[in-house]
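Computed from the coordinates by the stated procedures, all read-outs in this text should not be read as laboratory data. These numbers were taken from a predicted model, which means no experiment stands behind them. Quick reminder, even Gly has a Cβ in these numbers, built from the backbone with ideal geometry, and neighbours come from all protein chains shown.
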Amino acid sequence: MQKVKEFIEKQSWIFAKTYAHKAPHEYVVRNRVNGSDEEFMYVVNYIQENGITMYFWDHPNKYIFVDGHQYWVMRDGEDDPTTILNRCDLSQYKLSITWRGE
């Protein structure tokens, strides 16, 4: 987890203006991070392997929680150069557990 925290701390997070009123969050893009691609992919893989599965509407995703933020990944495959690492400030959200009726 220390490598994840170090990577997170050195990023210049971009506010996602498109979702400012519905789901405020920040992001960094794979080919524009502060650090190496190997560091970025380490964090992506850490989230995919260690995150918990939660749903954003009907979309499942893996999430980790670090220092008051929730992190998740968006990508179109393993080699996607536009992979995005997202985070939101947990103080702006209400997390709940909901039965999906399955």
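Figures for the structure shown
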| read-out | value |
| --- | --- |
| Debye, to nearest 20: dipole size of the chain, +1 on Lys, Arg Cβ, -1 on Asp, Glu Cβ | 420 debye |
| Neighbour-limited loop hits for trypsin sites (Lys or Arg not before Pro), segment 27-100 (at most 11 other Cβ within 10 Å; DSSP other than H, G, I, E, B) | Lys94, Arg100 |
| Computed over the chain, Kirkwood Rh from alpha-carbon pairs, angstrom | 14.3 Å |
| Inter-site label distance for Trp57 and Lys5 at 7 Å from Cα along Cβ, in nm | 3.5 nm |
| FRET E, pair Asp89, Ser36, Förster distance 22 Å, beta-carbon r, rounded to 0.05 | 0.25 |
